[in-house]
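Take a look at the structure set out below.
The values are calculated or read from the model by the stated rules, or taken from the named source; none is laboratory data. Bear in mind that the values here come from a model prediction, so they are computed numbers and not experimental data. All Cβ positions, even for glycine, are placed from backbone atoms using ideal geometry, and neighbour counts span all protein chains on display. We work out accessible area using only protein heavy atoms, side chains counted, and drop any ligands, DNA or RNA first. Shrake-Rupley method; radii C 1.70, N 1.55, O 1.52, S 1.80 Å.
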Amino acid sequence: MRLAATSVLCALFLQGVPAAELQPETVRAFDHYIKDTESRLDARVRPGAVFLWTDEQAGRLAQVRAGKVAIENHSGQDMVPVTGGLIHDWIGAVFIPDTTLAKTLALVQDYNHNQDHYRPEVMASRLVSRDGNDFKVYLRLRKKKVVTAILDTEYDVRYFPLDATRCHSRAYSTRIREVENAGKSDERLSPPGNDHGFLWRLYSYWRFQERDGGVYVECEAVSLTRGIPTGLGWLIEPIIKSLPRESLENTLRETRAATGK
């Protein structure tokens, strides 16, 4: 009965609460956070630096070598409040045995078939264009946590090969639109930044290293969502808090499973 009541309340939330509008000051706060994040990540690719987050703690290395997903909140908080929104910053890692860097990159760059490897979250995927190591990608995402949100998302992705065994990449969302009545005759796309605010920005930073008979794969995902609506924190906060971590964990687990086939 509680689940049914919660579902009804969620439906009322989606229908009755005005769309949240992404404000310029919220974008500026996110951009500032990203600038600091990328300064930190740039240090990892300098000569002599520790490339993998996994290598910074023996416990993480043991965890991924045991076939588990190591995952932590980088900021030390589930959410970082900014004016008009929340930033979520999660980092995770897996180890894929008996594979190579080339095979792993071939899988993650096969954007026309992402929906085959990352279901149910990725409902549809398409490579829009490629120019060397630069990709433009379309993904239709399904975010579900009692409430289900369908999002049409577009990204610019760039890969940076470092040597024969290491590569890193950066993916920036360039447009995110919430889909209303997905798959129906009256399907409609909300204007970017004027929707329910489940996801306004998603930037992801990947690292790959071939060694120890396999490939270490790491991803740090930084996302921006709306803040918690007044009076609905008990319902909405668990959704907004848990989805970024669960999404990253599932992505890493599915990357390992698909590459290991």
Quiz prompt | Flag for E237 being farther than 18 Å from Q109 by Cα, in a helix (DSSP H, G or I), within 13 Å of the chain's Cα centre (by Cα) and of a type outside the set (K, R) | solution = no
Quiz item: Of these, S173, S190, S185, which one is modelled with pLDDT of 90 or more, farther than 30 Å from L52 by Cα and of a type in the set (S, T, Y)?
Solution: S190
Quiz item: Scanning for something among the hydroxyl-bearing types (S, T, Y), buried (at least 18 other Cβ atoms within 10 Å of the Cβ) and modelled with pLDDT of 80 or more, does the stretch 220-232 turn up at least one residue?
Solution: yes
Quiz item: Can you find even one residue in the stretch 130-139 that is under 25 Å from V69 (Cα atoms) and of a type outside the set (A, V, I, L, M)?
Solution: no
Quiz item: Can you name the residue in the stretch 163-183 that is exposed (fewer than 14 other Cβ atoms within 10 Å of the Cβ) and not β-branched (V, I, T) and, of all such residues, is nearest to D116 (Cα to Cα)?
Solution: G183
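Taking G213 as the residue in question, decide whether it is closer than 21 Å to V69 by Cβ and open to solvent by 10 Å² or more (accessible area, probe 1.4 Å).
Yes.
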Self-check item: K103 being within 17 Å of L252 (Cβ to Cβ) and out of contact with any helix residue (DSSP H, G or I) (no Cβ under 7 Å at 6 or more places or on another chain)
Solution: no
Quiz item: Could you count how many residues in the stretch 87-113 are open to solvent by 20 Å² or more (accessible area, probe 1.4 Å), acidic (D, E) and in contact (Cβ under 8 Å) with a residue 24 or more places away in the chain?
Solution: 1
Quiz item: Taking F208, is it surrounded by fewer than 16 Cβ atoms within 10 Å (Cβ to Cβ), in a strand (DSSP E or B) and over 16 Å from the mean Cα position of the chain (by Cα)?
Solution: no
Exercise. Just give me the residues in the stretch 114-162 being closer than 21 Å to E249 by Cβ, open to solvent by 60 Å² or more (accessible area, probe 1.4 Å) and of a type in the set (D, E, K, R), in sequence order.
Key: D116, R119, R142, K144, K145
Exercise. Determine which member of the set S247, S242, S204 is of a type outside the set (D, E, K, R) and modelled with pLDDT of 95 or more.
Key: S204
